Every structure is written in C-alpha cells, then in structure tokens.
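The values are calculated or read from the model by the stated rules, or taken from the named source; none is laboratory data. All figures in this text were calculated on a predicted structure; none of them were measured in a lab. Ideal geometry is used to build each Cβ from the backbone, glycine not excepted, and the neighbour counts take in all protein chains shown.
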C-alpha cells in the first residue's frame with residue numbers, strides 16, 4: 001500500500017501512475033445494476049480471455065462502478081478504439097478480446113442499435129444518452145476502479161486536498177465554497193458555505209463532519225452511483241470540509257440496503273488512512289481527522305439530519321425541533337456539519353477549478369446572495385415510463401423536457417407523457433405544462449415539488465394519479481417515526497381518503513377534506529417527512545383534478561388502474577378473434593370461438609387487466 005507523507009509526494013505519485021498506465025484498456029461496469037445483470041461472470045470471462053491471449057500484462061482490465069446507463073448494464077468499453085458494447089455475455093468475451101483489443105476493430109454484432117434502420121453506435125462518444133449530459137462528477141466513473149486509491153490519485157485525486165491544506169486557510173476554503181453557490185444536494189438546498197461558516201464559528205473544541213448516504217427514496221439511486229463508483233471523492237471532500245470547520249472526527253452514514261456501497265466506502269476510508277490521508281497529521285500537517293462508517297437500519301426518516309444523528313448516537317431515529325441548529329448542537333450535542341454524498345463529491349472539483357468555474361454553471365446569481373441561484377450540475381436517477389433509464393447529470397436549469405425526451409429518449413411504445421415526480425415520495429407530481437420549466441431548487445418549489453436527492457419518476461397515460469399519490473402516502477405512512485401527531489395521524493388519514501376515492505366511496509366533500517387535511521399536515525408537522533408528505537396529494541389535485549373528479553363524479557378510473565372503478569369490454573369491430581385475451585384470463589371470464597367475436601362476463605371478471613395487456617389490436621378496453 002502507498003504511503004504519502006507530504007504535498008510533494010502525492011504529485012510525484014500521480015505523475016508516475018500516469019506514465020505507467022496502459023494505452024489498451026477494457027472497461028467493465030460492475031455497480032449494483034451490472035452485478036444484477038451478470039457483470040461478475042463477464043469480468044471473469046474477460047480476465048480469462050486476456051490471460052489466454054497472453055496480453056494480460058499489457059492490457060488493463062478496469063472493473064468500474066456504475067456507468068449510469070442502467071438499461072444497458074453491464075457495459076464493456078474497449079480503448080483506445082472506444083468501442084461500446086451494451087450487455088455483452090460471457091461467451092462474447094473471446095471475440096471482444098481477439099477483435100477489439102488485439103485487432104482494434106469493433107465487433108459489429110455487439111454494437112448498440114438504437115433505432116431501426118439507423119447505423120449502429122460504434123464508440124462511447126456517440127452514445128446519445130451520454131452526449132446530452134454534462135458529467136463533471138459521473139465521468140470519473142469511467143476512469144476508476146473504485147477499490148483502487150492509486151486509480152483515484154492517477155486521475156488527479158487528492159490534489160484538491162493538498163491545495164486546501166497547503167495553500168488555503170480554513171476561511172478561504174469556506175469563502176470559495178460560498179462563492180461557488182454550492183447548495184446541499186440532499187433536498188433542502190441549503191448553501192454549503194453558509195452552513196460551514198456557522199459551524200466553524202460555533203463554540204466547542206469537538207466538531208464533526210457527517211456524510212448523509214441514507215438514500216431511501218423509491219426510484220432514487222444517484223448517491224449509490226457515487227458511493228459505488230468514486231468513493232474517494234466523498235472522502236476527499238469530507239477531509240477538506242473537516243479542515244475548514246475545525247473538525248477531527250467524521251461519519252459516513254450508509255443504509256444497510258447498500259452492501260456494495262458499504263464495502264467500497266469502508267475500503268476507501270481504510271486505504272486513505274493507511275496512505276496517510278486520514279489519521280494523525282494528515283500529509284505531515286498539524287491537522288488530524290478520522291472517519292467511521294455507520295450503517296443505518298433502513299428507516300427513511302433517518303435521512304433527516306437530526307434523526308440521522310440520533311441513530312449514530314445509538315438512539316431511536318427520531319427528528320427534533322429545528323430551533324436547535326445542528327451546526328451549533330448536532331451529534332452528541334456538539335457542532336456538526338452534515339452534507340449528502342453528492343455535495344461532498346463536488347467539493348474537490350470546486351477547490352481545484354475555482355468558485356467562478358462552478359458558479360458559471362446553472363441558474364441565478366450568487367455573487368451577493370448564496371441563496372440566489374442553483375449552481376453546478378445535478379445527478380438525477382431517471383426511471384419509470386421512459387425509454388432510457390439511468391443516472392443523468394445535467395447543469396442546473398436544464399428543462400424536464402430535455403432530460404425526459406433528449407436524454408431519456410421519450411415515452412416507450414408511443415404512449416403519451418402524463419406526469420413526472422421529482423424529489424422522491426415527498427416530491428410533487430408535475431404535468432405536461434411543466435416540461436419546459438428549468439430544473440432548479442426554486443423553480444421546482446414554486447410549482448409544488450422539490451429537488452430532493454435526485455429521483456425522477458416518469459409516468460404515461462396508463463398511470464392513475466390518484467393511485468400514484470396513494471402509493472407514496474402508503475410508503476410515507478410506513479416510514480413515519482410517529483413522533484408528531486400531524487404526520488402520524490394525518491398521513492394515514494390522507495391515504496384512507498385516497499383509497500375511498502379509488503374505490504368509489506367518495507364524494508366531492510371527500511376531495512375538499514383531503515385538500516384541507518394536506519395543508520394541516522404540511523403546516524404542522526415536525527420534520528420534512530411530514531411537511532412534504534402532502535406534496536403528491538396537493539400537486540395531483542391541482543394539476544390532475546379532472547382525474548379525481550372522474551373517479552368521484554363518473555365512477556371511473558381513466559387510466560384503468562383502480563379496480564373497483566374499472567370494467568372491461570371488447571370492441572366488436574376491432575376484435576379479430578385471436579383468442580389471446582381468453583388465454584390470458586385466469587378466471588374464465590372471456591369466452592368466444594377462434595376467429596369470432598369474444599366477450600367478457602363482468603361477474604366473473606376480477607379486473608386484473610391481463611386480457612387488456614394481451615390484446616395486440618386494442619380491442620379490449622376499460623370503461
């Protein structure tokens with residue numbers, strides 16, 4: 001293991017590692033998505049083929065973390081040709097090594113073919129999903145083995161730390177972060193520099209830095225992508241932050257459901273400590289810091305800062321009133337600075353490139369007001385009814401339309417876009433009219449949503465907004481800590497009212513009561529879980545009110561999701577008598593002879609929708 005004792009040795013090491021790097025590289029993505037799709041076997045096969053070809057000493061097999069394009073995981077890239085192979089199998093390894101590594105030619109049959117009749121995509125630079133992004137954080141994922149501190153240093157890692165410790169005072173670091181306009185990427189968007197300055201000024205000799213890696217939002221995994229792919233960027237950011245505020249202890253709070261992230265973060269911390277970048281007298285200075293990994297038990301509420309700190313202390317993860325600021329009395333009642341994964345990962349970039357560079361990206365003006373804009377890039381996990389899912393990094397101010405249609409490739413199967421939820425289960429659901437708003441902290445709040453930790457769930461015409469709101473209220477009901485009455489009781493009652501609407505038991509008075517209750521929960525809850533829980537309800541009631549009224553006044557679910565309000569029928573002029581609906585029906589409700597009109601017995605029908613899904617001519621409809 002390397003040992004770095006001063007500022008000069010890290011520069012020498014970086015220069016030496018660059019000269020030793022092989023020109024021929026085979027990149028294989030091995031994040032959680034890649035492992036789920038067979039990355040382990042693929043890595044083994046490629047390693048074996050390199051050995052058998054006798055080139056394993058001259059070709060680097062770089063096993064990376066997540067490369068962001070979840071639809072196509074695992075991904076293999078062969079350089080210097082840059083050949084891009086989505087989802088190759090272990091049995092393809094021999095041909096990839098023989099033709100692309102040794103012969104420097106693409107394997108035509110393995111190339112991406114995005115659209116019928118279009119030429120295949122040959123190199124990584126041509127992939128549309130990546131071309132439309134601005135990947136200041138995620139691009140490093142292509143260059144790093146997350147288990148290798150040497151890889152991180154070879155790519156310029158820990159140079160920001162040496163600059164901060166050698167050339168800057170704590171006050172200068174905080175001023176740089178403030179002028180950059182970096183706001184917390186965990187959801188609230190609090191200016192990081194303001195938080196750091198307050199913590200530095202707080203009285204007390206013992207102070208803490210904390211990384212919030214408790215990413216519990218359904219559909220969100222932006223933090224996981226960084227934890228599994230570039231763990232040292234988070235460690236480096238935390239060391240710089242600790243030096244700036246005067247802390248000597250740090251904690252990374254990772255949810256247990258991220259076992260690979262826990263493993264890789266622990267290795268990164270251990271390797272940084274052994275290299276002399278953590279522990280006593282970091283890089284030969286008087287500054288000392290150690291970092292510990294804490295695993296959360298999977299409670300969504302522990303993403304809230306005070307609940308997270310209570311959990312680290314070994315207490316029940318419950319939030320406390322916000323009139324006591326954690327920068328003054330946080331972990332163990334001592335001054336604490338907590339930022340999330342993406343916030344810490346941005347710190348080395350800002351120190352190396354400067355505040356002006358970061359502030360030049362995004363919206364607004366932060367020159368006189370750190371709250372005056374949304375700066376830098378933001379990572380979103382784009383999921384749901386969209387052609388290309390994955391991790392998307394774009395400048396603040398990019399529109400929803402650009403993300404969903406230009407990067408995500410639009411809605412599958414010719415369906416119509418209906419809505420998008422940003423900010424996780426507590427985020428609002430926005431409609432087609434919002435597609436052209438710029439994505440930043442303030443714009444999303446104005447329309448009833450929020451940035452959150454970066455979840456973005458796309459919905460099409462087959463999604464029912466009443467049911468969608470009910471689903472997230474059920475999630476939040478389960479995850480509420482129960483400490484305050486408005487959240488504990490109010491979220492449950494909102495969910496029950498939504499169930500009444502979805503089952504045909506509601507009147508327009510129910511809708512009025514739901515709106516009133518949502519406002520009470522929002523205004524009276526203790527923490528952000530309860531305060532933001534009504535967002536899915538309030539936004540769907542505002543932007544999709546006609547859908548609510550269809551459920552109540554007409555007794556039907558326009559999307560055909562709420563079973564109590566759905567009846568299936570077969571349109572006579574469209575039915576071809578193929579029998580697919582009859583074959584799919586589990587209760588024998590569909591009858592009819594082959595090549596003749598079929599019919600559905602409403603009394604036998606369980607509203608499962610399988611007949612509707614099986615019909616390939618659109619003859620089965622929901623009423």
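The table for this structure:
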read-out: Failed criterion for residue 156 (all others in (1) in contact with a helix residue (DSSP H, G or I) (Cβ under 9 Å, 6 or more places away or on another chain); (2) closer than 29 Å to residue 301 by Cα; (3) assigned to a loop (DSSP other than H, G, I, E, B) hold); value: (2)
read-out: Selected residue (criterion: nearest to the chain's Cα centre (by Cα)) from residues of the range 506-542 that are closer than 25 Å to residue 567 by Cβ and either assigned to a helix (DSSP H, G or I) or at pLDDT below 95 (or both); value: 540
read-out: Test: residue in the range 394-404 that is part of a strand (DSSP E or B) and surrounded by fewer than 19 Cβ atoms within 10 Å (Cβ to Cβ); value: yes
read-out: Residue that is surrounded by the most Cβ atoms within 10 Å (Cβ to Cβ), among those in the range 550-563 that are in a helix (DSSP H, G or I) and in contact with a helix residue (DSSP H, G or I) (Cβ under 7 Å, 6 or more places away or on another chain); value: 551
read-out: Index of the failed condition, residue 356 passing every other in (1) surrounded by fewer than 20 Cβ atoms within 10 Å (Cβ to Cβ); (2) part of a helix (DSSP H, G or I); (3) in contact with a helix residue (DSSP H, G or I) (Cβ under 6 Å, 6 or more places away or on another chain); value: (3)
read-out: Test: residue in the range 412-434 that is part of a helix (DSSP H, G or I), crowded, with 22+ Cβ neighbours inside 10 Å and at pLDDT 95 or above; value: yes
read-out: Flag if residue 264 is touching a helix residue (DSSP H, G or I) at 6+ places or on another chain (Cβ under 8 Å), surrounded by fewer than 24 Cβ atoms within 10 Å (Cβ to Cβ), in a helix (DSSP H, G or I) and modelled with pLDDT of 95 or more; value: yes
read-out: Selected residue (only one of 173, 210 is in a helix (DSSP H, G or I) and either under 25 Å from residue 396 (Cβ atoms) or in contact with a strand residue (DSSP E or B) (Cβ under 6 Å, 6 or more places away or on another chain) (or both)); value: 173
read-out: Which listed residue, of 344, 332, is in the same structural domain as residue 239 (by TED's automatic domain parsing), surrounded by 19 or more Cβ atoms within 10 Å (Cβ to Cβ) and either under 20 Å from the mean Cα position of the chain (by Cα) or in a helix (DSSP H, G or I) (or both); value: 344
read-out: Residue that is farthest from residue 612 (Cα to Cα) [pool: residues in the range 564-576 that are more than 41 Å from the chain's Cα centre (by Cα) and surrounded by fewer than 16 Cβ atoms within 10 Å (Cβ to Cβ)]; value: 573
read-out: Count of the range 92-129 residues which are closer than 21 Å to residue 58 by Cβ and either in a helix (DSSP H, G or I) or touching a residue at least 12 places away in the same chain (Cβ under 8 Å) (or both); value: 14
read-out: Scope the range 435-461; condition in a loop (DSSP other than H, G, I, E, B), in contact (Cβ under 8 Å) with a residue 40 or more places away in the chain and surrounded by fewer than 17 Cβ atoms within 10 Å (Cβ to Cβ); matching residues; value: 461
read-out: Test: residue in the range 302-316 that is under 22 Å from residue 222 (Cβ atoms), touching a helix residue (DSSP H, G or I) at 6+ places or on another chain (Cβ under 8 Å) and assigned to a strand (DSSP E or B); value: no
read-out: Hits in the range 176-207 (condition: at pLDDT below 95, surrounded by fewer than 17 Cβ atoms within 10 Å (Cβ to Cβ) and either assigned to a helix (DSSP H, G or I) or in contact with a helix residue (DSSP H, G or I) (Cβ under 8 Å, 6 or more places away or on another chain) (or both)); value: 188
read-out: Qualifying residue in the range 304-311 (condition: under 17 Å from residue 199 (Cα atoms) and either without any contact (Cβ under 8 Å) to a residue 24 or more places away in the chain or out of contact with any strand residue (DSSP E or B) (no Cβ under 6 Å at 6 or more places or on another chain) (or both)); value: yes
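Let's see how each residue does on (1) assigned by TED's automatic domain parsing to the domain that holds residue 505; (2) free of Cβ contacts under 8 Å to residues at least 40 places away in the same chain; (3) out of contact with any strand residue (DSSP E or B) (no Cβ under 9 Å at 6 or more places or on another chain); (4) assigned to a strand (DSSP E or B):
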position: 548; (1), (2), (3), (4): yes, no, yes, no
position: 583; (1), (2), (3), (4): no, yes, no, no
position: 596; (1), (2), (3), (4): no, yes, yes, no
position: 613; (1), (2), (3), (4): no, yes, no, no
